[in-house]
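This report concerns only the one structure given below.
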Amino acid sequence: MTAAEAAPGNRFEWFEQVVSDVLLPTAFRAEDPSGFDARGGMLDLGGARLARFSYGPLRSRRTPALIRKGDPEQYQLALVAGGTAWFGQEDGRAELGPGGMTLWDTSRPYESGSGTDGRDVDVLVLQIPKARLPLPSQRVERLLARPIRSGTGLAAILAGFLTDLADSGPDCTPDQLNGLGEMAVDLAATTLAGQLGSPVEPTAELRAQALLRQIRAFIDHHLGDPDLTPRTVAARHHLSLRSLHALFHDEPEGVAATIRRRRLEGCRADLARPDLRRQPIQSIAARWGFTSATAFSRTFRHAYGTTPRDYRLAALRGAVA
């Protein structure tokens, strides 16, 4: 999203409406509304969301009236990626430069400002439903509008994760984004707990789910490797083969089936692409980790009830959705 979509004289109002829709109802004041410019975007991460906005100098306020108008009941964690900004809530005030983070509560009034140096600011905001943050609210209050430095430790890992997610998240599938959202919330919760001096000790179930998400992401990034097998997945994650299979015991499919299905889904999508119509089927299969044309054709037919060639012909004629 960009303010260029609006007429020059309406770009400030465009930004105010977009922020109110994506984050929460907020009142803004800019030094030069007629020359204001901004860009923004949002990733749906399942229960959480990650927004990114770049904009010129302004002030903002969230009043009790605006809270009554709309409250998503979230904690919002801001990371300043460029420029400068300040945030104030309750008795806290955070003056932030690049890499600085702070937290606020959408159910309480706050004020903020940006561009104290006259430059645009680039801010990422992780929106965390209060019910998803495993920390007592009375303890979270101690962090509101307090600066969180991201130069070292968990805070640095969280800042890097959010930046990478904002940059690469648009290329991920909805299922992948849901998993990444859970990872972002878990990492944010652990970082905030560390700021309070009481690290969150994840349960065995949470550790298992986090490891599963990590393994699924690893599989998706290595599907083209013909040597990707349950044994190599286990070795890369310092697990025994038995432990890896136990991790997938309650999942709908095992490790080998997951690898096979994800490879087939990649092949199927490429076979339906008009821009790849002249690429040999075996080249597509090889790109997704299938080394044997015969085995690929047999596996594809077993999964989809048709041969790769017939599927491609039907797809390119528009007969396959």
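Scanning region 25-54 for residues that are of a type in the set (S, T, N, Q) and at pLDDT 85 or above yields a total of 2. Just a yes or no: is a residue in region 205-215 over 22 Å from Leu103 (Cα atoms), modelled with pLDDT of 85 or more and either of a type in the set (Gly, Ala, Ser) or surrounded by 15 or more Cβ atoms within 10 Å (Cβ to Cβ) (or both)? Yes, region 205-215 contains a residue that is over 22 Å from Leu103 (Cα atoms), modelled with pLDDT of 85 or more and either of a type in the set (Gly, Ala, Ser) or surrounded by 15 or more Cβ atoms within 10 Å (Cβ to Cβ) (or both). What is the residue count in region 31-42 for residues that are part of a strand (DSSP E or B) and either free of Cβ contacts under 8 Å to residues at least 12 places away in the same chain or touching a Pro at 6+ places or on another chain (Cβ under 7 Å) (or both)? Number of matching residues: 0. Considering every residue within region 147-156, establish whether at least one is surrounded by fewer than 20 Cβ atoms within 10 Å (Cβ to Cβ), under 19 Å from the mean Cα position of the chain (by Cα) and either farther than 21 Å from Gly41 by Cβ or modelled with pLDDT under 90 (or both). Checked region 147-156: at least one residue is surrounded by fewer than 20 Cβ atoms within 10 Å (Cβ to Cβ), under 19 Å from the mean Cα position of the chain (by Cα) and either farther than 21 Å from Gly41 by Cβ or modelled with pLDDT under 90 (or both). Among all positions in region 168-180, there is no residue which is of a type in the set (Val, Ile, Thr) and buried (at least 20 other Cβ atoms within 10 Å of the Cβ).
Would you check if Phe300 is among the aromatic types (Phe, Trp, Tyr), part of a loop (DSSP other than H, G, I, E, B) and modelled with pLDDT of 95 or more? Taking the combined requirement at face value, the residue does not satisfy it.
Would you check if Arg262 is without any contact (Cβ under 8 Å) to a residue 60 or more places away in the chain, touching a Ser or Thr at 6+ places or on another chain (Cβ under 9 Å) and either loosely packed, with under 13 Cβ neighbours inside 10 Å or not acidic (Asp, Glu) (or both)? Here the answer is no, as Arg262 does not meet what is asked.
The values are calculated or read from the model by the stated rules, or taken from the named source; none is laboratory data. Predicted model only: the values in this text are computed from it and were never measured. Positions of Cβ are backbone-derived with ideal geometry, glycine not excepted, and every protein chain shown enters the neighbour counts.
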